[in-house]
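Everything below concerns the one structure shown next.
Every read-out reported here was derived from the displayed coordinates using simple, explicitly stated rules and does not represent laboratory data. Predicted model only: the values in this text are computed from it and were never measured.
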Amino acid sequence: MTQWRTGLSVPDRDRIIEIIDAATAADGVAPVGDQVLRELGRDDTRHLLALDGEQIVGYLNLTPGMAEAVVHPD
């Protein structure tokens, strides 16, 4: 299931950072740029969450002119 949000809770931001870190460790390169990390706390960015039940397993950051995505490597 996917869900669009305009704001993220602190636990959701922490989980997204965990996914980014896991993908970076698995691939040897960051899946998203620093701008995505800076925008996790902003309410003017669109955030698409991929959910497995209540667990976030993927994330897409959408701003005008840019989209970046990451999925958990497991």
(request) Quick one: grab the alpha carbon gyration tensor of the range 16-55, order the square roots of its eigenvalues as a ≥ b ≥ c, and give me rounded if a/c is under 1.5, else prolate or oblate depending on whether a/b is larger than b/c. (result) oblate
(request) Over the Cα atoms of the range 2-71, compute the convex hull volume and normalise it per residue, giving Å³. (result) 77 Å³
